[in-house]
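Worksheet for the structure shown next.
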Amino acid sequence: MCFSQTAVAMDTVISLLVLSTLTQLVAPDVPSPTFSAVVELMSGHSKIFSGENIRLRCSVPDGNRSRWSYLWFRGSEQLPQSGEHLVLWKARVQESGKYYCQGLRDTAVGDIRTQLSLPVEITVDGGWAILQIPRHPILVGDTLNITCRVRANPQLEEVFLYKDDVEVMRQRGPNPHFSLSILTLKDQGMYSCRASWDIDRLTRSVSSSKTSVKVLEVLSQPILEIVPNVISSEKIKLICHVQYNAPAPAPPINYFFYKNDNRLGPATSENYDLVRKAPGEYSCKAKVPQTGISRWSEPKRFGQERV
């Protein structure tokens, strides 16, 4: 009786070991994605007229020149195209949307998929005029170049630029380009344009839809976070959160931390510092030495100071 129970137990153990081995052979673990795909606009503008063409390219910068295949998505919908390039021929209005791609590679242990790329938003306009602005971030102090495109490129007589439905610029002649220099935060808003031309002794006038223009500061105002240190109860961690919008290659930022307006140590390239835990009023400053731009956080009180 005892021998029979031992034999059954041994059979069970052997069966589990065989099942575990088979599972590992049949369904191996596939490494989690460590790469991200990148979408580039290769031709055209992100805002085009219906009937025009636009080309996107997907790549995976993995450094190893691996052979990838590609999947394309518009929003959450997977598209039938699977090559490196996605071309919208004679684009239709309903093809507007945010386009993503994903890299796919076959390996000895199974398929590896990259993370989805950041989106490129494509707008296909069925009207007669579109307002085109740069895709890159627009910063305080920059010059903004705007184009009022008219379908079929007629010989324009007059072009108007509007901000929040108020006329801000007007040009006579065929030039559809506007420049707004030394931008400030007050320049952001909803922009549109109107163009007119003569045809068969009649004046034709068309208007674009509104386009949002956002103007960003190179450095946002920092926000100081004070975090208790889990390793040492005698320390606190100061974190200086800031949004840095300078285009690459951007010059480095230095961070300074203060207690009661007295600096705590030298500048650091990291946005945090560990300091001795003590009551007081703390603040931080972010500075770009190469440009001289600097911003201060609002002061933040920590603990109770003894009177």
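A few points about this structure:
- Out of Lys186, Lys163, one residue alone is open to solvent by less than 60 Å² (accessible area, probe 1.4 Å), free of Cβ contacts under 8 Å to residues at least 60 places away in the same chain and charged (D, E, K, R). It is Lys163.
- Here Ser82 meets the list (1) open to solvent by less than 20 Å² (accessible area, probe 1.4 Å); (2) free of Cβ contacts under 8 Å to residues at least 60 places away in the same chain; (3) among the hydroxyl-bearing types (Ser, Thr, Tyr) almost entirely, failing just condition (1).
- In region 89-100, the qualifying residues are those that are under 18 Å from Asn53 (Cβ atoms) and crowded, with 20+ Cβ neighbours inside 10 Å, and the one that is farthest from the chain's Cα centre (by Cα) is Ala91.
- The number of residues in region 265-307 that are surrounded by fewer than 15 Cβ atoms within 10 Å (Cβ to Cβ), part of a loop (DSSP other than H, G, I, E, B) and either hydrophobic (A, V, I, L, M, F, W, C) or more than 35 Å from the chain's Cα centre (by Cα) (or both) comes to 8.
- Among the residues making up region 116-141, those that are touching a residue at least 12 places away in the same chain (Cβ under 8 Å), of a type outside the set (D, E, K, R) and part of a loop (DSSP other than H, G, I, E, B) are Leu116, Ser117, Leu118, Pro119, Gly126, Gly127, Trp128, Ile133, His136, Pro137, Val140, Gly141.
- Taking the numbered list (1) assigned to a strand (DSSP E or B); (2) closer than 30 Å to Ser283 by Cα in turn, Ser179 passes all entries but (2).
- Test: Lys90 is in contact with a Pro (Cβ under 6 Å, 6 or more places away or on another chain) and within 30 Å of Asn153 (Cα to Cα): no
- No other residue among Val166, Val124 is at pLDDT 95 or above, of a type outside the set (D, E, K, R) and touching a Lys or Arg at 6+ places or on another chain (Cβ under 8 Å) apart from Val124.
- Pairs linking a residue in region 142-153 that is without any contact (Cβ under 8 Å) to a residue 40 or more places away in the chain to a residue that is surrounded by fewer than 18 Cβ atoms within 10 Å (Cβ to Cβ), with Cβ atoms under 7 Å and 6 or more positions apart or on different chains, are Asn145/Pro134; Asn145/His177; Asn145/Ser179; Thr147/His177.
- Taken as a whole, the condition of being in contact with a Phe, Trp or Tyr (Cβ under 7 Å, 6 or more places away or on another chain), of a type in the set (S, T, N, Q), under 30 Å from Trp89 (Cα atoms) and surrounded by 19 or more Cβ atoms within 10 Å (Cβ to Cβ) applies to Ser192.
- Strands (runs of 3 or more DSSP E) fully within region 9-59 counting 3 or more residues that are modelled with pLDDT under 50, farther than 26 Å from Lys90 by Cβ and open to solvent by 70 Å² or more (accessible area, probe 1.4 Å): none
- Number of residues in region 207-245 that are among the acidic types (Asp, Glu), more than 23 Å from Met190 (Cα to Cα) and part of a loop (DSSP other than H, G, I, E, B) equals 1.
- Of the residues Leu56, Leu86, the single one that is in contact with a Leu (Cβ under 6 Å, 6 or more places away or on another chain) and farther than 30 Å from Val206 by Cα is Leu86.
- Annotation: Ala152 fulfils all but one of (1) of a type in the set (Gly, Ala, Ser); (2) closer than 30 Å to Asp200 by Cα; (3) crowded, with 17+ Cβ neighbours inside 10 Å; the unmet one is (3).
- Restricting Arg135, Arg170 to those that are in contact with a Ser or Thr (Cβ under 8 Å, 6 or more places away or on another chain) and surrounded by fewer than 19 Cβ atoms within 10 Å (Cβ to Cβ) reduces the list to Arg135.
- Pairs, first in contact (Cβ under 8 Å) with a residue 40 or more places away in the chain in region 248-274, second not in a strand (DSSP E or B), C-beta under 7 Å, six or more apart: Pro251/Gln290; Pro251/Thr291; Leu274/Asn229
The values are calculated or read from the model by the stated rules, or taken from the named source; none is laboratory data. Not measured: the values here are computed from a predicted model. Every residue, glycine among them, receives a Cβ derived from its backbone with ideal geometry; neighbour counts consider all protein chains shown. Calculation scope for accessible area: heavy atoms of the full protein, side chains included, ligands and nucleic acids excluded. Shrake-Rupley method; radii C 1.70, N 1.55, O 1.52, S 1.80 Å.
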